[in-house]
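The next block holds one structure in the form of structure tokens; read it before the comments.
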Amino acid sequence: ENNKGLCETAAMSVQVVAAKMAEVELKDVPTGKDLPAGSPMTPTSEAEPSAKVGEGSLGLLTPNPAKMPQASAMKRSDPQQNGGEAFVNRDGTVAEAPRMKKIQFAEQKQEFNKRPSKIGRRSLSRSISQSSTDSYSSAASYTDSSDDETSPRDKQQKNSKGNGDFCIKNIKQADFGRREIEIAEQEMPALMALRKRAQGEKPLAGAKVVGCTHITAQTAVLMETLSALGAQCRWAACNIYSTQNEVAAALAEGGFSVFAWKGESEDDFWWCIDRCVNVEGWQPNMILDDGGDLTHWIYKKYPNMFKKIKGIVEESVTGVHRLYQLSKAGKLCVPAMNVNDSVTKQKFDNLYCCRESILDGLKRTTDVMFGGKQVVVCGYGEVGKGCCAALKAMGSIVYVTEIDPICALQACMDGFRLVKLNEVIRQVDIVITCTGNKNVVVREYLDRMKNGCIVCNMGHSNTEIDVASLRTPELTWERVRSQVDHVIWPDGKRIVLLAEGRLLNLSCSTVPTFVLSITATTQALALIELYNAPEGRYKQDVYLLPKKMDEYVASLHLPTFDAHLTELTDEQAKYLGLNKNGPFKPNYYRYENISAIHANLFHPNFYIYTNYHLLLYFLFFSLRY
């Protein structure tokens, strides 16, 4: 009995300590009377069941100190009160526990009772699924998560000045687009410097430029620069997926005639180009093209326009190829400037831009881990070189396919294994095309790919991957996220197709603005050159940008790096036979990329083989002539 009494005493002591602790914790909690008017913690009526500590109301109880039991009281449950609580005093009497007022957040009940409508559920689902893949870039636009499914062609939109000569997704996004353009301006120093230096002279006064390029923040800076230099511009997109809708809205708000939106159909694409060209009271006299589609459309539909067009500026491999075909057939009606093969475009836009953007595009769309992956890159031009360098640096095992023996030799000396596509198609994890050709990856190769193989294109045209052969009844297409499709075979095998075989980096991610500044400045100078050239300087042919202009574009970007050029002395210039102000290299000079130079310099037999072959060529031409 003594032991039993000691146990009861000890238990009561524990309860006393616990009660004191609870009293300390709750003594600063305001009562219902102390709550301010309109507080969300409004107590309900006394008739509601009491709230228990530990059932979601801890810390929000409103105890009444007057009814609190003494610190020495013990608490027990009374089964007859349906779990209600009572306190046993030391004298054995039972006291009813005070009822605690239940706290409820205002509008909590109303919020959880709401049920989304059918449209609301669809909008919510859509916003959730796209929030993980979309961003404020060329890869995704603010409009991507919009619920408005109406085609822009069916809308009547006007900007704040009442002008409606445009067709875009949503003019209300103009403010967002303006911010993106302002950010791009900071990374495009040469174009901004050109705008500042030449806007007083207005070298493009009277020029009516019709353009078909990717409509991004960087293109917007170019368009506004051309306008500042005196040109009138009408613009369409060269890719149905690369348009930044908010940027197009900002341009439209600024008075530009823009006809483009992200996710156009093929019919929309050609309709937009036609709206740029076919307008009453306005006829272009300059063409700025990317891919040759605009030039092709004018040549096909409005050939008489070429009578007033002074020149064409083309920046892509595909477009330049088309121009050379027209020139060879004698059908090129005006001079054309090949910007794609200028040094600044080849060595900076194609090489350095793709070296960074290939990883960005693949990561955003697939979240793939590059280390240890087997990748085949089709083509080892400047784009291919950039892609291979980036993937190799990330730990990928890179194979290269190539038709040109010189590019093939460069790939080998850069440490890549040269293969035929059919030799590795079963084992590779990623296939990247960047040749500018057609049918590089045909259905035969697609059928033999491993499950989960990622297929994408880094060339301008969508002809490199035979996507049309995949649109057959036995194959199932499954949209995973924006610009990502699973193509599923009957046996369950699937490949991951990105951007439906179109240009990966501008369709699915972004490209470095600084690099695009180089290309855009080159385009602007080419337009100025062709527009102001005296009659007879350029014939109906394709020309490369003068080397002096290439050097000028490069010099405009050097201050960004706080770089300081060394100047030749008169004696040095005379010794080299150069003008002190350039050009410093002849037109036939080949600028090598760094990786190729390093591979060549450290290859033990490079000089022996090179000198040996040069000697053979010299002897051959000496004997021949």
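The values are calculated or read from the model by the stated rules, or taken from the named source; none is laboratory data. Everything numeric in this text was worked out from a predicted model, so none of it was measured. Virtual Cβ from ideal backbone geometry, glycine too; neighbours counted across all protein chains shown. Ligands, DNA and RNA are excluded from the accessible area calculation, which covers all protein heavy atoms including side chains. Shrake-Rupley method; radii C 1.70, N 1.55, O 1.52, S 1.80 Å.
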**Q.** Exclusive hit being of a type in the set (A, V, I, L, M) and modelled with pLDDT of 95 or more, set VAL515, VAL511, VAL496, VAL553
**A.** VAL496
Q. Name the residues in the range 336-364 that are part of a strand (DSSP E or B) and open to solvent by 10 Å² or more (accessible area, probe 1.4 Å), would you?
A. none
(Q) Looking at the range 210-267 only, could you name the residues that are buried (at least 24 other Cβ atoms within 10 Å of the Cβ) and among the small types (Gly, Ala, Ser)? (A) GLY211, ALA217, ALA220, ALA231, ALA236, ALA237, SER242, ALA248, ALA249, ALA250, ALA252, ALA260
Q: Can you confirm whether the range 292-312 contains a residue that is in contact with a strand residue (DSSP E or B) (Cβ under 8 Å, 6 or more places away or on another chain), outside the structural domain of ILE495 (by the TED database), farther than 30 Å from PHE514 by Cα and among the hydroxyl-bearing types (Ser, Thr, Tyr)?
A: no
Q) Got a number for residues in the range 399-438 being closer than 23 Å to ASN350 by Cβ, open to solvent by 30 Å² or more (accessible area, probe 1.4 Å) and part of a loop (DSSP other than H, G, I, E, B)? A) 8
Q) Exactly one of (1) within 23 Å of VAL317 (Cβ to Cβ); (2) open to solvent by 10 Å² or more (accessible area, probe 1.4 Å); (3) modelled with pLDDT of 95 or more is unmet by ASP274. Its number? A) (1)
Q: Quick one: ARG448 ticks every box in (1) touching a residue at least 60 places away in the same chain (Cβ under 8 Å); (2) open to solvent by 40 Å² or more (accessible area, probe 1.4 Å); (3) out of contact with any Ser or Thr (no Cβ under 9 Å at 6 or more places or on another chain) except a single one, so which number is it?
A: (1)
Q. What about ARG494, is it buried (at least 23 other Cβ atoms within 10 Å of the Cβ), in contact with a strand residue (DSSP E or B) (Cβ under 8 Å, 6 or more places away or on another chain) and of a type in the set (Lys, Arg)?
A. no
Q: Could you list all residues from the range 252-273 that are assigned to a helix (DSSP H, G or I) and farther than 27 Å from MET458 by Cα?
A: ALA252, GLU253
(Q) Considering only the range 296-309, I want to know if a residue exists there that is touching a residue at least 40 places away in the same chain (Cβ under 8 Å) and farther than 30 Å from GLU464 by Cβ. (A) no
Q: Inspect all residues belonging to the range 315-323 and state whether any of them is touching a residue at least 40 places away in the same chain (Cβ under 8 Å), in a loop (DSSP other than H, G, I, E, B) and farther than 19 Å from THR213 by Cβ.
A: no
Q. Does ASP175 satisfy the criteria of being open to solvent by 40 Å² or more (accessible area, probe 1.4 Å) and farther than 15 Å from ALA250 by Cβ?
A. no
Q. Somewhere in the range 325-335, is a residue assigned to a helix (DSSP H, G or I), in contact with an Asp or Glu (Cβ under 7 Å, 6 or more places away or on another chain) and not assigned by the TED database to the domain that holds ILE454?
A. yes
Q | Checklist (1) surrounded by 15 or more Cβ atoms within 10 Å (Cβ to Cβ); (2) part of a loop (DSSP other than H, G, I, E, B) applied to GLY536, failing item | A | (1)
Q | Of the criteria (1) open to solvent by 80 Å² or more (accessible area, probe 1.4 Å); (2) in contact with a helix residue (DSSP H, G or I) (Cβ under 6 Å, 6 or more places away or on another chain), which one THR560 fails | A | (1)
Q.
Exactly one of these conditions fails for LEU525: (1) within 32 Å of the chain's Cα centre (by Cα); (2) open to solvent by 40 Å² or more (accessible area, probe 1.4 Å). Give me its number.
A. (2)
